[in-house]
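The structure appears right after this line, and notes come after that.
The values are calculated or read from the model by the stated rules, or taken from the named source; none is laboratory data. Predicted model only: the values in this text are computed from it and were never measured. With ideal geometry, Cβ positions are generated from the backbone for all residues, glycine too; neighbour counts draw on all protein chains shown.
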Amino acid sequence: MSDQEMKIFSGHANRKLAEDICAHLNVPLGGLTIDRFPDGETNVKLEEDVRGRDIFLIQPTCPPVNTNLIELLIVMDAVRRSSAMRITAVIPYFGYARKDRKDEGRVPITAKLVANLIASAGADRVLTIDLHAAQIQGFFDIPVDHLYAAPAMLRYYEAKKIEDLAVVAPDVGSIKMARAYAKHFHATLAIVDKRRMSPDSVKMDYVIGDVKGKNVLMVEDMIATGTSLAEACAVLKKNGAQDVYVAATHPVFCGDVVNKLGRSKFAEITVTDTIPLPEKVMANVKVVSLAPMLAQAIMRIHTNESVSSLFNYAVEEENGTDSNPDS
């Protein structure tokens, strides 16, 4: 395929990221009109020809989740019915990922349902970043390129040259990511013991590992309500930690998260631009752009080159050979 055959479109979810990706690729953002019927239904019209083209649609399914998901599906349907050659759904943040299994009776596996909807709407391929659970890749019956924010975050924190660093996993689910960061920085690893009491309530009492007198970097895939991070920060400070930093990929930022994290004593909270930040956010929040990485991945997909080198955590896994930490 030639560069002229590639077109990039964006829904409303994160147009700024789409514009940044297009700037890196030196291609224009495709013309697309999305509006609403009087009853609230989504209406879509492509403003340019896509017949025989390689189409990339950029749309994270972040809040408002249902609106952005439906937008993604309807735009893909419009592209498919307009005879596009291939459609890649670029979903920097994949919503509905929490329900990836039946952990009790009479509940859905919503992540699988959404994967089915995306494929049925016309996606031939999916490009995403830091899935909440890596096994969600297997829910798709189409190719999935699962990238990681870690390389960009590692470069950012390397430049800060933080001394006496300890990397902390705020829960068991973050241990693998935290271990990779710790190995890269030759830092100690610690884990906060978390017990979830309800969807918006957690209890943290213990730190497994030594953080006394150390600067701490907590790593997470997302920040939603901020409850876990605020509680973890308090426990770390109680155990003698000095400055506490956070590296989290997706700033979902729902509920009272701004006030909650604002009251906590974080030195800095670093997120990426997979999701737009709210208008009012804490002064200590810094954004690391993933537009260059996504632009490179899009170009490699377009030219049928390997995307696997972009999976690299920039650190060796424990076996010393696996560059993809979730393969």
* Asked: Can we say LYS237 is in contact with a strand residue (DSSP E or B) (Cβ under 9 Å, 6 or more places away or on another chain), assigned to a helix (DSSP H, G or I) and either in the same structural domain as TYR96 (by TED's automatic domain parsing) or surrounded by fewer than 19 Cβ atoms within 10 Å (Cβ to Cβ) (or both)?
  -> yes
* Check the stretch 69-80 and report whether any residue there is assigned to a loop (DSSP other than H, G, I, E, B), without any contact (Cβ under 8 Å) to a residue 60 or more places away in the chain, outside the structural domain of LEU217 (by TED's automatic domain parsing) and small (Gly, Ala, Ser). => no
* Asked: Is there a residue in the stretch 1-17 that is touching a Ser or Thr at 6+ places or on another chain (Cβ under 8 Å) and free of Cβ contacts under 8 Å to residues at least 12 places away in the same chain?
  -> no
* To do: Would you mind telling me which numbered condition in (1) touching a Lys or Arg at 6+ places or on another chain (Cβ under 7 Å); (2) of a type in the set (Gly, Ala, Ser); (3) modelled with pLDDT of 95 or more GLY226 fails?
  => (3)
* Looking at this structure, is LYS260 modelled with pLDDT of 95 or more and either charged (D, E, K, R) or surrounded by fewer than 20 Cβ atoms within 10 Å (Cβ to Cβ) (or both)? -> no
* Is it the case that the stretch 294-301 has a residue that's touching a Pro at 6+ places or on another chain (Cβ under 8 Å) and either at pLDDT 95 or above or charged (D, E, K, R) (or both)? -> yes
* Please work out if LYS203 is surrounded by fewer than 20 Cβ atoms within 10 Å (Cβ to Cβ), under 21 Å from VAL258 (Cβ atoms) and not polar (S, T, N, Q). => no
* Within the stretch 79-120, work out how many residues are crowded, with 20+ Cβ neighbours inside 10 Å and among the aliphatic types (A, V, I, L, M). => 11
* Of all residues making up the stretch 172-188, the number that are within 24 Å of LYS203 (Cβ to Cβ) and hydrophobic (A, V, I, L, M, F, W, C) -> 4
* **Among residues of the stretch 266-280, those that are under 24 Å from ARG155 (Cα atoms) and either at pLDDT below 95 or part of a loop (DSSP other than H, G, I, E, B) (or both), counted** => 7
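Go through the stretch 115-177 and tell me which strands (runs of 3 or more DSSP E), entirely inside it, have 2 or more residues that are in contact with a Lys or Arg (Cβ under 7 Å, 6 or more places away or on another chain) and on the phi < 0 side of the Ramachandran plot. Give the derivation first.
Working: elements: 125-129, 144-147, 165-169.
It comes to 165-169.
Going by what's in this entry, would ALA232 be described as crowded, with 23+ Cβ neighbours inside 10 Å, in contact with a Ser or Thr (Cβ under 8 Å, 6 or more places away or on another chain) and not assigned by TED's automatic domain parsing to the domain that holds ALA133?
Judged against the criteria, ALA232 is not a match.
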